[in-house]
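Visitor: This is the structure I have questions about; it appears just below.
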Amino acid sequence: MCGIFGIITNQNNLSLGKVVLEGIKRLEYRGYDSCGIVSLSNSKLFVKKDSGKIDEIQKKINLAEIPNNSKLALAHTRWATHGAPTKINSHPHLDCSNKIAIVHNGIIENFIELRKDLINQGHIFKSDTDTEVIPHLIEQKMKEGLNFKDSIVEALKLCNGAYGLAVCHADYPDLIIVVRKESPLVIGIEEGKTTYLASDIPAFLPLTRKCYIMEDDELAVLKAGEVDFYDLKNDKKINKELQVIEWTIDAAEKGGYEHFMLKEIYEEPTAMQRTLKISKDLLQVFANILWSAENIYITAAGTSFYASLAGKFIVSRFLGKYIQAIECSEFQTQLSNSLKNNSVIIALSQSGETIDTVEAIRWAKSKKNVKILTITNVVGSTLTRYSDNVIVTQAGPEIGVAATKTYCTQVLTLALIALEIAKLRKVELDSDIEKYEMALKSTPQIIEKFLNENIDEIKNIVNTLEKSVQFFFLARGISIATAKEGGLKLKEVACRFIEGYSAAHAKHGPISLVREGFPIIFIAPPDETYQRLIGNVMEFKARGGKIISLVVEDDKTISELSDLTIRIPQPGDKYHNIFSPITFTPALQLLAYYASLLHGLDPDKPLNLSKTVTVH
Ligand code: M6R
């Protein structure tokens, strides 16, 4: 939630405004309610900010225009939590003297009390945000005689909550101070020349590949081309390892596609090829731990949760044990009296920063002796620090707010673990395991073929359904996960109302909504649920429902019952069917993408969403 970017340089030939604008735009996936930039020149701060998306604000007030001699700037793109998305509430926020400016990602939970105290001390607030207490607290500490850095440290001791923040001061033009607690922050560096700060690496990747990843309770003093790190708790200097990023910015840019969402769907085959190469040793570590565990939970949010539903189905199938999937925000409440020692918890998260997932894990660790197995797409993310073992999915950076390629790689990773378990347990014939492995290895080609051959058909279905505003996505068995994930995509990017549900259970209530022409998308791979699903299709058809089915290429029965059909190129056998969430979901992602375009929406920036949810 919220993106922050900053730069401090001694280079004269750098177009600071342009660099800052491009940097903050690369973080816009984190929030796009409002944006602002502060720069510094001749001991004065210059602030430009407004509500709206960055391009709109740039057009309106020329955000990127900053004083020529400025060598420092901070920028922020906001996902509103405290206070409406207005100009006044947008960052940066300043103190009373307009000398101290801050950009902040996170939440100061006790801001109401702090604000009251500060107002009693004579401070004047301009916004409704929690953030604004911080510059006033720093101002107060400086008035009390502390230096700039110590004032920040002391001010933050009074704040409860989470922050990734950057502060500058009009009288200190050669430094920026940044602090991290629970909200991600990375520092990029071109030694001796320029230092960058950002919520995420792609923001400065075209400028430098060298970076430091900040940990919780660390403070960094940034100067042009140099940086010093301190432990916030004892103010001691710390040494941090400089990392060199392997991937290039191309991976995080649109590369000729109109939207990141489309690009990332088309990247699925290669992302999966990379995921198929995850080390067998690592997969076996996960497999062994799961095999010897008595109680297994899997927890996540949003798309990662639906990947958990699909993945736990596959793992349980070969493990022979039940895995309980619990949404991360409910994990603590549901297990408050029943979490057992030696439980194994699988945490799934694209970003590794989703606060409810991180908190579920932290809570479990604080209560019992549990093992945490994390599957994430981001090396060094917060979740990895609380985990006993980590697998990094190989999707590459995902910028589109709607998760697409990361879903496929998450399910694939769990499927790879499942097959290692199958080998360990020896409950399947070796020849069967081999066939399952072959089926899994063919999933990238199946998706590639679908993406190459079926776009017109998807567009045609989208056009036919143009007037529909509500949909059911129905399925049985493992495909309920596909129904929920496909439904979530359409909901997010095309603003349609969706119920993703069990086809069998739908007759216990939801079916009462069906009228002539009501669209129902049935996910119908030819697995053990197919025969019963036919009955469910008939029930909805009999009530006038418009039936759209997702079936395999040679399907006969359900496609004949359907008004519209999407055919997934895969052989309908047991070896492939268990992996159908991987091969069927891209079709639904594309459906959502083209529906979004048809309704004039921006699929990369769905209303009210943020890619990384770091608030409860
Ligand atoms: O980074 P995470 O996988 O933990 O994120 C979880 C959800 O916030 C995320 O999947 C969200 O639902 C996306 N908007 C889905 O497209």
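Visitor: Kindly establish whether Asn98 is in contact with a strand residue (DSSP E or B) (Cβ under 9 Å, 6 or more places away or on another chain), modelled with pLDDT of 95 or more and either small (Gly, Ala, Ser) or surrounded by fewer than 24 Cβ atoms within 10 Å (Cβ to Cβ) (or both).
Guide: Spelling it out, Asn98 is indeed in contact with a strand residue (DSSP E or B) (Cβ under 9 Å, 6 or more places away or on another chain), modelled with pLDDT of 95 or more and either small (Gly, Ala, Ser) or surrounded by fewer than 24 Cβ atoms within 10 Å (Cβ to Cβ) (or both).
Visitor: Quick test for you: out of Ile298, Ile265, Ile323, pick the one residue that is of a type in the set (A, V, I, L, M) and away from the ligand (no atom under 16 Å from the Cβ).
Guide: The unique qualifying residue is Ile323.
Visitor: Kindly evaluate Thr612 against the criterion of being more than 16 Å from the ligand (Cβ to nearest atom), closer than 17 Å to Tyr407 by Cβ and either modelled with pLDDT under 95 or of a type in the set (S, T, N, Q) (or both).
Guide: So Thr612 does not fit the description; no.
Visitor: For residues in segment 516-526 being surrounded by fewer than 24 Cβ atoms within 10 Å (Cβ to Cβ) and either among the small types (Gly, Ala, Ser) or within 14 Å of Ala542 (Cβ to Cβ) (or both), which is nearest to the chain's Cα centre (by Cα)?
Guide: Only one residue fits best here, namely Phe518.
Visitor: Which numbered condition trips up Glu453, out of (1) under 18 Å from Arg317 (Cβ atoms); (2) surrounded by fewer than 21 Cβ atoms within 10 Å (Cβ to Cβ); (3) not aliphatic (A, V, I, L, M)?
Guide: Of the numbered conditions (1) under 18 Å from Arg317 (Cβ atoms); (2) surrounded by fewer than 21 Cβ atoms within 10 Å (Cβ to Cβ); (3) not aliphatic (A, V, I, L, M), the odd one out for Glu453 is (1).
Visitor: Where in segment 108-190 are there helices (runs of 4 or more DSSP H), lying fully within it, with 2 or more residues that are of a type in the set (Asp, Glu) and farther than 21 Å from Ser39 by Cα?
Guide: Where helices (runs of 4 or more DSSP H) fall fully within segment 108-190 and carry at least 2 residues being of a type in the set (Asp, Glu) and farther than 21 Å from Ser39 by Cα, they are 111-120, 148-157.
Visitor: Working only within segment 560-609, note down all residues that are aromatic (Phe, Trp, Tyr), modelled with pLDDT of 95 or more and surrounded by fewer than 24 Cβ atoms within 10 Å (Cβ to Cβ).
Guide: Matches in segment 560-609: Tyr594 only.
Visitor: Can you name every one of the strands (runs of 3 or more DSSP E) wholly within segment 1-61 that holds 3 or more residues which are surrounded by fewer than 24 Cβ atoms within 10 Å (Cβ to Cβ)?
Guide: 44-51
Visitor: Which residue out of Ser336, Ser349 is within 16 Å of the ligand (Cβ to nearest atom) and out of contact with any Gly (no Cβ under 9 Å at 6 or more places or on another chain)?
Guide: When all the criteria are applied, what remains is Ser349.
Visitor: So which residues in segment 108-150 are surrounded by fewer than 24 Cβ atoms within 10 Å (Cβ to Cβ) and among the β-branched types (Val, Ile, Thr), if there are any at all?
Guide: Selection gives Ile112, Ile119, Ile124.
Visitor: Now, a different point. Pick out, from segment 430-536, the strands (runs of 3 or more DSSP E) lying fully within it that include 2 or more residues that are touching a Pro at 6+ places or on another chain (Cβ under 7 Å).
Guide: Fully inside segment 430-536 and qualifying: 470-475, 497-502.
Visitor: Only one of these conditions is not met by Asp604: (1) over 25 Å from Leu309 (Cβ atoms); (2) more than 12 Å from the ligand (Cβ to nearest atom). Which number is it?
Guide: (2)
Visitor: Any chance you could count how many residues in segment 367-425 are over 14 Å from the mean Cα position of the chain (by Cα) and within 11 Å of the ligand (Cβ to nearest atom)?
Guide: 1
Visitor: Something else now. Taking the stated definitions as given, is Lys489 more than 16 Å from the ligand (Cβ to nearest atom) and not hydroxyl-bearing (Ser, Thr, Tyr)?
Guide: no
Visitor: Quick check on segment 280-297. Is at least one of its residues closer than 24 Å to Leu588 by Cβ, of a type in the set (Lys, Arg), touching a residue at least 60 places away in the same chain (Cβ under 8 Å) and not assigned by TED's automatic domain parsing to the domain that holds Thr583?
Guide: Scanning segment 280-297 turns up no residue that is closer than 24 Å to Leu588 by Cβ, of a type in the set (Lys, Arg), touching a residue at least 60 places away in the same chain (Cβ under 8 Å) and not assigned by TED's automatic domain parsing to the domain that holds Thr583.
Visitor: Could you tell me which of the residues Met272, Met214 is surrounded by 18 or more Cβ atoms within 10 Å (Cβ to Cβ), closer than 25 Å to Asp388 by Cβ, of a type outside the set (D, E, K, R) and more than 16 Å from the ligand (Cβ to nearest atom)?
Guide: Within the list Met272, Met214, the selection yields Met214.
Visitor: List the pairs whose first member sits in segment 89-108 and is under 14 Å from Asp130 (Cα atoms) and assigned by TED's automatic domain parsing to the domain that holds Tyr163, whose second member is assigned to a strand (DSSP E or B) and among the basic types (Lys, Arg), and whose Cβ atoms are under 8 Å apart, counting only residues at least 6 apart or on separate chains?
Guide: Asn89/Arg78; Ser90/Lys49; Ser90/Arg78; His91/Lys49; His91/Arg78; Pro92/Lys49; Gly106/Lys181
Visitor: Here are Leu513, Leu533: which of them is in the same structural domain as Ala481 (by TED's automatic domain parsing), in contact with a strand residue (DSSP E or B) (Cβ under 9 Å, 6 or more places away or on another chain) and buried (at least 18 other Cβ atoms within 10 Å of the Cβ)?
Guide: Every option except Leu533 fails the conditions.
Visitor: Next up: If you go through segment 307-317 one residue at a time, do you hit one that is of a type outside the set (Phe, Trp, Tyr), assigned by TED's automatic domain parsing to the domain that holds Lys365 and under 17 Å from Lys368 (Cα atoms)?
Guide: No, because not a single residue in segment 307-317 is of a type outside the set (Phe, Trp, Tyr), assigned by TED's automatic domain parsing to the domain that holds Lys365 and under 17 Å from Lys368 (Cα atoms).
The values are calculated or read from the model by the stated rules, or taken from the named source; none is laboratory data. None of the values given here were measured: they were computed from a predicted structure. Glycine gets a Cβ as well: all are built from the backbone with ideal geometry, and neighbour counts include every protein chain shown.
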